[in-house]
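Accompanying notes for the structure given below.
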Amino acid sequence: MTTRVILCFAAIVALALPVVADDIDTVYISTLDISRVKQAWGYPLKDISIEGKGLSIGGRKFEQGLATHAVGEFRINLKGGSERFLAYVGVDDDVIGGEGGSVEFFVYADGKQIWNSGIRRAGWRAVRVDLDVTNVNLLVLKVKEASDGINWDHADWADAKLLVSGEKPAAVDMPVEKPYILTPKPSPKPRINGPKVFGVRPGHPLLYTIAATGDKPMEFAVDNLPTGLAVDESTGQITGTLNEKGEYTVMLRAKNALGTDERQFRIVVGDTIALTPPLGWNSWNCFALDIDDKKVRSAADAMVSSGLINHGWSYINIDDCWMVKPDSKDSMLAGDPRDARGMINTNKNFPDMKALSNYVHNKGLKIGIYSSPGPVTCQGYTASYEYEQQDAQQYANWEIDYLKYDWCSYGRVAGGSDRTALMAPYFVMRDALDNVNRDIVYSLCQYGMGEVWKWGAEVGGNCWRTTGDITDTWSSVEWIGFSQDGLEKYARPGRWNDPDMLVVGMVGWGSQLHPTSLTPSEQYSHISLWCLLSAPLLIGCDMTQLDEFTLNLLTNDEVLEVNQDPLGKQANRVSQIDDLEVWVKVLEDGSRAVGLFNRQDDTTSVTAMWSDLDIQGKQLVRDLWRQKHLGVFEDSFTATVPGHGVELVRVRRNQ
Ligand code: GLA
């Protein structure tokens, strides 16, 4: 090659390259502290896809980038030192062949949305992002799901980089928000709480504990209690059996040194139980595999000593891992899965299930258990496949009150994935439960497959999980909670949509517990939304470590009343303006429970229009978290709501 040709070639190369000033650095966002990425599933990864393959979008390969999962968020403090943000975004090709994979990418600069990709689906080409971020401090990269759930939502920020001329960027977390307590302490005078209606099947044993706050000792009585039932004066436990179908309206009474309270209560003897959503605790979100008899007893103890029982919390539910684990090397878990008659055995961490059940019942609480229609549970413990009747009988022998029935390994034996195949195992256990002389709440868990909400009632479920597993991140709570719109038509007394358990307090799925990663405002949103959704409320934390904030959050009777309202309607979204949403639940007395949610990061005002609530004229608005009247409003109500927070109000006609 001649010198002339070389010079000419060099000139062409120089022209083709972008002109970048000497003092501009390129910082790939995948080199920042990506552990701060919040996402609803899995972990963020640097330069490889979520499945551990090379990054690739629409057939185009990328050497560098950040692989995330919707719903997700990455906050970067640019400190005003960056000039441009560049990237290619899309769904990674590693999802091709999977069902779904559709997301939307957003970029926010100092609280304002400056770009969004529109919906991007698996297999689609990468979209180029090129944004001026001069003088921007906070850059937030978000990935939302595209209204079809988060399955396969593998979202790549490929070749994502900042051109930096000043201060170096750094990944940051949401600002820490100090716990703020909104709810006043219960009065020392008696107040009867809990559901106003209770269902029981004819001939089945009934246990209902009157929930009441106020100084102890307290004396309980019930007027017009039907023959067959009795109430214990000092514990408020109503027990007995009613053989005929029918409805009884009784008056519950509570009395202490400071006063009295009374409340009407309906006992409905019929085919349907769980007439209001179950309220209780479940072991999974805190202990997961690390569960034993002692921890369950401690949870029951704490349910009483913390006072939660006085607000209507009643179930103590054991999740996975109480059975024998076939082939386990751990002597505590190994053993014969069943006895000679095929009755299921517990593992050695649960030496006597009947004794444990008695212990829980003696406190006026109820006890739940877990199994799978497959041969083994999700964690590989013995499950009910081909032993459904024996298992139902064993639960009845142990006096169990609640069964979570989790699909897990059933896929191996299902022989199909259509609706008939999805329904089949749930019918089998339904029949088995119908053959035993006990009310056992039947909770279907199969993560929403085959639109379970459309047939959960048909297979006799009292509730059904509508989504995958929750985690204690805002991304997770946000996508699960706010994706429930549209399911309201399937919920009614005895038939509840279940958006999974609560992630407040000390959680951790094992032996290493941590305080929930949700901010206080996010926790108010979580509980408010789950109450509006008429969801089963199962506390997922270590009950022995309840702090003041968490306890306050779980003991607001006006908020719980929204969840337990006897009409059993589920809220739906009636307005959505960007990230501001209004959800409404119609209550039995005609009033509305209204959640004004702010899904933005910063405090802003949210308005509920009377026209959206289907009401008119002067309305009394009561703040339920603060238990305080806010005044009379006409046409609309506007509240200032913190980022990721909520204003939960009850709106009723001003007489
Ligand atoms: C599934 C369920 C969880 C929990 C675990 C137990 O993942 O969705 O709620 O029950 O199984 O293994």
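The values are calculated or read from the model by the stated rules, or taken from the named source; none is laboratory data. Being a predicted model, the structure only gives us computed values, none of them experimental. Positions of Cβ are backbone-derived with ideal geometry, glycine not excepted, and every protein chain shown enters the neighbour counts. Ligands, DNA and RNA are stripped out before the accessible areas are found, and what is left, the full protein with its side chains, is counted by its heavy atoms. Shrake-Rupley method; radii C 1.70, N 1.55, O 1.52, S 1.80 Å.
Using every pair of separate Cα atoms, the Kirkwood estimate puts the hydrodynamic radius of segment 402-554 at 16.5 angstrom. Pairs of C-alpha atoms in segment 279-563 farther apart than 28 Å represent 32 percent of all such pairs. In segment 323-428, the alpha-carbon atoms span a convex hull of 103 Å³ per residue.
A Förster radius of 51 Å, combined with the Cβ-Cβ distance separating Met343 from Thr640, puts the computed FRET efficiency at roughly 0.30. Computed with the Debye formula from one identical point scatterer per Cα of segment 191-269, without solvent, the log10 of I(q)/I(0) at q = 0.11, 0.20, 0.25 Å⁻¹ comes to -0.26, -0.81, -1.19.
Note that segment 382-470 shows a convex hull volume over its alpha carbon atoms of 97 Å³ per residue.
Projected onto their three principal axes, the Cα atoms of segment 136-250 cover extents of 81, 38, 17 Å, largest first.
Computed over protein heavy atoms with a 1.4 Å probe, the accessible surface of segment 572-653 works out to 43 Å² per residue.
Pairs of C-alpha atoms in segment 239-326 farther apart than 17 Å represent 67 percent of all such pairs. Summed over the residues of segment 139-280 and divided among them, the accessible surface reaches 45 Å² per residue at a probe radius of 1.4 Å. Which whole number in µm²/s is D for segment 21-172 by Stokes-Einstein, with the Kirkwood Rh taken over Cα pairs at 20 °C and 1.002 mPa s? Reported coefficient: 143 µm²/s. Using θ = phi - 60° in the Karplus curve 6.51 cos²θ - 1.76 cosθ + 1.60, the 3J(HN,Hα) couplings for segment 462-471 round to 8, 7, 8, 5, 9, 8, x, 6, 7, 10 Hz; x is entered for Gly and Pro. Ordering Val129, Ala70, Leu163 by the projection of their Cα atoms onto the charge dipole of segment 21-172, which places +1 on the Cβ of Lys and Arg and -1 on the Cβ of Asp and Glu, puts Ala70 at the extreme positive end.
The Kirkwood radius of segment 546-587, taken over pairs of alpha-carbon atoms, gives through the Stokes-Einstein law at 10 °C and 1.306 mPa s a diffusion coefficient of 130 µm² s⁻¹. The phi torsions of segment 295-301, fed into the Karplus equation with coefficients 6.51, -1.76 and 1.60 and a -60° offset, translate into couplings of 5, 5, 4, 4, 5, 5, 4 Hz, rounded to whole numbers, with Gly and Pro shown as x.
Evaluated on segment 484-546, the Kirkwood hydrodynamic radius is 12.9 Å, with distances taken between all distinct Cα atoms. Positive-end ranking of Val632, Phe597, Asn572 along the dipole of segment 572-653, with charges on Cβ about the Cα centre, is headed by Val632.
Mind jotting down a quarter of the surface of the convex hull over the alpha carbons of segment 532-655, in square nanometres, one decimal? Here the figure is 8.1 nm², rounded to one decimal. Around the Cα centre of segment 569-655, unit charges on the Cβ atoms of Lys, Arg, Asp and Glu (plus for the first two, minus for the last two) sum to a dipole of about 480 debye.
Computed from Cα positions, the angle between helix 520-532 and the longest principal axis of the chain comes to roughly 50 degrees.
With axes computed from alpha carbons, what is the tilt in degrees of helix 3-16 against the longest principal axis of the chain, rounded to the nearest 10 within 0 to 90? Long axis of 3-16 versus the principal axis of the chain: about 30 degrees. What a 1.4 Å probe finds exposed on segment 21-172 is 46% carbon and sulfur by accessible area, rounded to a whole percent. Could you work out what % of the accessible surface of segment 572-653 is carbon and sulfur, using a 1.4 angstrom probe and leaving DNA, RNA and ligands out of the count? Carbon plus sulfur share of accessible area: 41 percent. Taking 1.306 mPa s as the viscosity and 10 °C as the temperature, the Stokes-Einstein diffusion coefficient of segment 288-355 based on its alpha-carbon Kirkwood radius rounds to 118 µm²/s. Rolling a 1.4 angstrom probe over the protein heavy atoms with all chains in place gives segment 413-458 an accessible area of 40 Å² per residue.
With all protein chains in place and a 1.4 Å probe, the accessible surface of segment 335-397 carries 44 percent carbon and sulfur.
Name all residues of segment 557-579 having a backbone nitrogen under 17 Å from the label point set 7 Å from the Cα of Tyr180 along its Cα→Cβ direction, giving them as ranges. Zone members listed by number: none at all.
For segment 81-148, the pair-distance distribution built from all alpha carbon pairs, in bins 5 Å wide starting at 0, is 4, 17, 25, 21, 14, 10, 6, 2, 0 percent. Scalar couplings 3J(HN,Hα) for segment 418-432, obtained by applying the Karplus form with A = 6.51, B = -1.76, C = 1.60 to θ = phi - 60°, are 7, 4, 4, 5, 5, 7, 3, x, 6, 5, 4, 6, 4, 4, 4 Hz; x denotes Gly and Pro. Overall, segment 279-563 carries a charge dipole of about 560 debye about its Cα centre when +1 sits on the Cβ of Lys and Arg and -1 on the Cβ of Asp and Glu, all other atoms neutral.
My understanding is that a pair violates if its Cα-Cα distance is over 27 Å; which of Lys79/Lys112; Lys404/Lys569; Lys112/Lys144; Lys363/Lys628 do that in this structure? Flagged as over cut-off: Lys363/Lys628. Each 20 Å bin from 0 upward holds the following percent of the Cα-Cα pairs of the chain: 18, 48, 27, 6, 1, 0.
Between Leu567 and Glu548, the simple label model (points 7 Å from Cα in the Cβ direction) yields a spacing of 3.7 nm. Under the convention that each Lys and Arg Cβ holds +1 and each Asp and Glu Cβ holds -1, the size of the dipole of the chain around its Cα centre is about 580 debye.
Each other residue within a Cβ distance under 12 Å of Ser117 adds +1 if Lys or Arg and -1 if Asp or Glu, for a net charge of +4.
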